[in-house]
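**Student:** Take a look at the following structure, please.
The values are calculated or read from the model by the stated rules, or taken from the named source; none is laboratory data. On a predicted model such as this, the values are computed, not experimentally measured, just so you know. Note that we place each Cβ from the backbone using ideal geometry, even for glycine, and neighbour counts take in every protein chain shown. Please note that ligands, DNA and RNA were not included when accessible areas were found on the heavy atoms of the full protein model with its side chains. Shrake-Rupley method; radii C 1.70, N 1.55, O 1.52, S 1.80 Å.
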Amino acid sequence: MSKVLELLAHPLELKAALKLKYIRQPLFTTNDTKETPGLVRCYELLGLTSRSFAAVIMELHPELRNVIMIFYLVLRALDTVEDDMTIQPQLKVKTLREFDSKLDTRDWSFDGNDLKEKDRVVLTEFPVILAEYHRLKPEYQKVIKRITGLMGNGMADYIQDENFNLNGVQTVKDYDKYCHYVAGLVGDGLSNMIVLAGFGSDDLYHGEHSFQLYESMGLFLQKTNIIRDYAEDLNDGRSFWPKEIWSQYADKLTDFRNPQNTKKGVECINHLVLNALTHAIDVLTYLSSVHEQSSFQFCAIPQVMAIATLAKVFNNPVVLQKNVKIRKGTTCDLILKSRTLKGCVQIFQYYLRDMKQHLPVEDPNYLKFNIQVAKIEQFIEEMYQDNLPTGVKPRETLAYLKTVERTKWDEQVAPRAQEEDYKFNMSLSVVFCLLLSFYFFTH
């Protein structure tokens, strides 16, 4: 009931939710998701582990839909081993380091998880996932196995790192390294697949700066989650905020939970948000390099959700006590608006300005924060160069040329959005007429 009232209090979000649920049509049919009983079961497992991921994966182009679904389930299985604190460290490390080799088998499974572990089913039914993995094209199998090996060994390294286990993340460099293993590698794998499928420019994976771009895609998301999950992680006995940053504001990370230290805690949050925003330009550059529409949306939606979440946690003392989330209606609105690069850019601009408005002048990073936001805004101006004087030609920078190329694809989305608006308005008119008729007949 509270969610309904929340939507009614925000009419534009209500409109977005209704359009998303009843008007918007997927780009592709989902016939390829039912080719075998095993494939059907894999999609059921996907729904059991993450309904939100299931929804966006179902929207993908058939060339990549099953590939990314299997990629997600394999990494979810890996993560379920790493997350379960009831598994003996020696067994956990061995399983993580050998996990990629299990992809060469057809019947391996793992039942060592706690019975209360909600995602243990992906490990007990892993042979079903293996069967579909072996049906993928060899080049996609190779990517999945490579990323699984790197991630599994990275996770094992952290489990065996006594300093990390006792003291958490120490430096910003360590922070980036941790985020690389749990998120940057996902960006690596997805970028490789997108280029293999021909859905993005070649420099997205093979270019001089490609590593920085797809690494930033992962780090931007992971750092957002880490900032937001402060209270939840402390309750679980974990710590991912880097000491190099939080020690500037407190003697112990737990000090921020004390109401007397709220101001310092909020300043630390703002510092961490500033750190996350250093990836924003790379994120926008990356998105401009993805051409196929469903792949673009798959990449764009998490990023606009991340910038919205950063604005939600920014200067927000509630983060120190509990997990905060953006509204469901906001999510629906972001999904619809992020179908074009221009839409994504406008979302970033909106939330950057929102954060600037909430930044206290006395914040120790006030100047640095404003400089970082100015850098992003300047880059956006370079992408579009909309406000040039008459007769002045745009500077053909890489950012501009990529934006021009992506805009050609964006123009194909506009008629679809207009048709959805027309259908929504017609549906609203019909509902209004029916309600009006009902009123006249009953009075």
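**Student:** Being among the polar types (S, T, N, Q), part of a loop (DSSP other than H, G, I, E, B) and loosely packed, with under 14 Cβ neighbours inside 10 Å is the filter here; which residues of the stretch 378-398 pass it?
**Tutor:** Across the stretch 378-398, the qualifying residues are N387, T390, T397.
**Student:** Since I147 meets every condition but one in (1) open to solvent by less than 60 Å² (accessible area, probe 1.4 Å); (2) touching a Leu at 6+ places or on another chain (Cβ under 6 Å); (3) farther than 25 Å from G218 by Cβ, which condition does it not meet?
**Tutor:** Condition (3) is where I147 drops out.
**Student:** Can you run down the residue pairs with Cβ atoms below 6 Å, 6 or more apart or on separate chains, where the first is in the stretch 123-151 and free of Cβ contacts under 8 Å to residues at least 24 places away in the same chain and the partner is outside any helix (DSSP H, G or I) and open to solvent by 20 Å² or more (accessible area, probe 1.4 Å)?
**Tutor:** From the stretch 123-151, the pairs are T124/S109; T124/D111; P127/D107; P127/S109.
**Student:** Mind checking which residues of the stretch 273-328 are open to solvent by less than 30 Å² (accessible area, probe 1.4 Å), of a type in the set (S, T, Y) and not in a helix (DSSP H, G or I)?
**Tutor:** S288, S289 - these are the residues of the stretch 273-328 that are open to solvent by less than 30 Å² (accessible area, probe 1.4 Å), of a type in the set (S, T, Y) and not in a helix (DSSP H, G or I).
**Student:** Look at L18 and say whether it is under 30 Å from K337 (Cβ atoms), at pLDDT below 95, assigned to a helix (DSSP H, G or I) and open to solvent by 40 Å² or more (accessible area, probe 1.4 Å).
**Tutor:** Yes; evaluated as a whole, the condition is true for this residue.
**Student:** Then there is this: Sort through D107, D161, D119 and tell me the only one that's of a type outside the set (K, R) and farther than 24 Å from S239 by Cα.
**Tutor:** So the residue among D107, D161, D119 that is of a type outside the set (K, R) and farther than 24 Å from S239 by Cα is D107.
**Student:** Does the stretch 344-359 contain any residue that is within 30 Å of V195 (Cα to Cα) and part of a loop (DSSP other than H, G, I, E, B)?
**Tutor:** no
**Student:** Identify, by number, the condition in (1) in contact with a Gly (Cβ under 8 Å, 6 or more places away or on another chain); (2) crowded, with 18+ Cβ neighbours inside 10 Å that N270 doesn't meet.
**Tutor:** Evaluating N270 over (1) in contact with a Gly (Cβ under 8 Å, 6 or more places away or on another chain); (2) crowded, with 18+ Cβ neighbours inside 10 Å leaves (1) as the failure.
**Student:** So is I226 open to solvent by less than 10 Å² (accessible area, probe 1.4 Å), farther than 25 Å from L75 by Cβ, in a helix (DSSP H, G or I) and in contact with a Cys (Cβ under 8 Å, 6 or more places away or on another chain) or not?
**Tutor:** It is false that I226 is open to solvent by less than 10 Å² (accessible area, probe 1.4 Å), farther than 25 Å from L75 by Cβ, in a helix (DSSP H, G or I) and in contact with a Cys (Cβ under 8 Å, 6 or more places away or on another chain).
**Student:** Could you please find all residues in the stretch 130-151 being hydrophobic (A, V, I, L, M, F, W, C) and assigned to a helix (DSSP H, G or I)?
**Tutor:** Once the filter is applied, which keeps residues that are hydrophobic (A, V, I, L, M, F, W, C) and assigned to a helix (DSSP H, G or I), the stretch 130-151 yields L130, A131, V143, I144, I147, L150, M151.
**Student:** Taking the condition of being in a helix (DSSP H, G or I), open to solvent by less than 50 Å² (accessible area, probe 1.4 Å) and closer than 27 Å to W246 by Cα, how many residues in the stretch 152-175 meet it?
**Tutor:** Counting residues in the stretch 152-175 that are in a helix (DSSP H, G or I), open to solvent by less than 50 Å² (accessible area, probe 1.4 Å) and closer than 27 Å to W246 by Cα gives 8.
**Student:** Sticking with this structure for a sec: Just a yes or no: is a residue in the stretch 252-265 closer than 20 Å to K173 by Cα and modelled with pLDDT of 95 or more?
**Tutor:** Within the stretch 252-265, not a single residue is closer than 20 Å to K173 by Cα and modelled with pLDDT of 95 or more.
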